[in-house]
Amino acid sequence: MSADAPLSLDLSDFDAVGVASSAVAQVRAHAIENECSTAATVSAPQGWHRVVLNCSATGHLNLRVRFVDLTTARSNNVSKALVERGWQLDEDRDGASVRYLPGTEAITVAFDMLGVLALAGAPNDVRSVTAVDSEGRAVDLHT
């Protein structure tokens, strides 16, 4: 499978956490090995929030959600739920993020990612995950 082929993440599958954890590990490994920032985006149905995993060249991870595609009511519900989980709202209040300390296990980030994807009643469907680094190279998430 080519590196730019999206990874399927079935939110209703029991093994979703394993798939998500593997993707987090791949993003982190790629960033460190290639000494460049890397970002993975988890798709969302129309009107719902995407989740982006950013990783620095040193392996620091950050999950982000933007609210710009959401209705006002949904944005309020999602932002409130994220703040209750310890996320920081962006200065423009159009998004939120959470940072992970170095050494945080991929499974921890994966559990948080899956929880955020299902916030405010978002559908438990199949999402696509794509990743690219700061050099524009696609990251293979299938290994």
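Read-outs: derived from the displayed coordinates by stated rules, not from any lab. Just so it is clear, the structure is predicted and the values come from calculations on it, not from any experiment. No Cβ is skipped: glycine too gets one built from the backbone with ideal geometry, and neighbour counts run over all protein chains shown.
Some values worked out for this structure:
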{"quantity": "Computed over the chain, Cα set: Rg, Dmax in Å", "calculated": "14.4, 42"}
{"quantity": "Value of [θ]222 nm, deg cm²/dmol, for the chain, DSSP H segments ≥ 4, -39500 (n - 2.57) each, nearest 500", "calculated": "-10000 deg cm²/dmol"}
{"quantity": "For region 1-59: relative contact order, % (alpha-carbon pairs under 8 angstrom, 6 or more apart)", "calculated": "29 percent"}
{"quantity": "Cα centroid of region 90-143 to Cα centroid of region 49-87, whole Å", "calculated": "9 Å"}
{"quantity": "Additional length obtainable on full extension of the chain from Asp90 to Val17, 0.36 nm per residue less Cα span", "calculated": "23.6 nm"}
{"quantity": "Computed magnitude of the charge dipole of the chain (debye, nearest 20; Cβ of K, R +1, Cβ of D, E -1)", "calculated": "400 debye"}
{"quantity": "Exposure proxy ranking, count of Cβ atoms within 10 Å, fewest first, for Arg127, Arg74, Arg137", "calculated": "Arg137, Arg74, Arg127"}
{"quantity": "Top positive-direction residue, dipole computed over the chain with Cβ charges, set Ser37, Val98, Ser128", "calculated": "Val98"}
{"quantity": "Glu33 versus Ala73: modelled label distance in nm, points set 7 Å from Cα along the beta carbon direction", "calculated": "4.7 nm"}
{"quantity": "Ratio of the Cα radius of gyration of region 76-127 to 2.2 N^0.38 Å, where N counts its residues", "calculated": "1.21"}
{"quantity": "Cα-based helix-to-principal-axis angle, 106-117 vs the chain, degrees rounded to 10", "calculated": "30 degrees"}
